[in-house]
1. Taking amide hydrogens as modeled 1.01 Å from N in the peptide plane, which residues meet the under 5 Å criterion relative to PHE104, leaving out close sequence neighbours?
2. Output ³J(HN,Hα) for segment 55-69: one whole-Hz value per residue in order, computed from phi by the Karplus curve 6.51 cos²θ - 1.76 cosθ + 1.60 with θ = phi - 60°, and x for Gly and Pro.
3. Can you sort LEU60, LEU55 by how many other beta carbons sit within 10 Å, fewest first?
4. Express in nm, to one decimal, how much length is gained between LEU61 and LYS73 on full extension, taking 0.36 nm for each residue of separation and deducting their alpha carbon distance.
Amino acid sequence: MKGAEKSVPYFLYLYLNVVAMVYFIIWIAIGFVAALIARNKGNNSCLGMIIGLLLGPIGLLIVFFLPDNEIGKLKRTGNTKQCPNCAEYVKPEARVCKHCGYSFGSDSGFDLEKYRS
C-alpha cells in the first residue's frame, strides 16, 4: 500500500502532551519548593532553585539536607549589626565584636535602640 503511513491516534498524542505538561509543572514546583527550603535554612534561594530545577526530586532532597547557615538566617531577619572594623555580623546587644575585639562604645555612632523591636 503506497502512501499508507501509520500515525499515532490523536487522543494518544493529546494524552502524552498533557502528561508532559503535568511533569513540567511538577518539575517547576519542585524548583520553587527547593528555593523556599534553601531560604528558610539561611542559604541562597537562587542556588536552591537551580539545584531543584536541574536535579528535580533528588535536588529537593539535597537542598533539604544541606546544613543551616546561621549567619544567613541572622542577616535575613535583621537581628544583627555589622562591625565597622572587620565587617562581620554580631548580635545587636554585643558591646565587643567577637571576631576582632572592636568595642562598640558610645562614640561608635551605633544606636542600639534603633535595632530593638
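1. VAL96, CYS97
2. Working through the residues one at a time gives 10, x, x, 5, x, 4, 5, 4, 5, 5, 8, 5, x, 5, 9 Hz.
3. In order of increasing Cβ crowding within 10 Å: LEU55, LEU60.
4. 2.3 nm
Bear in mind these aren't lab numbers, they're just calculated from the coordinates by the rules spelled out. None of the values given here were measured: they were computed from a predicted structure. Please note: Cβ atoms are built from the backbone with ideal geometry, for glycine as well, and neighbour counts cover all protein chains shown.
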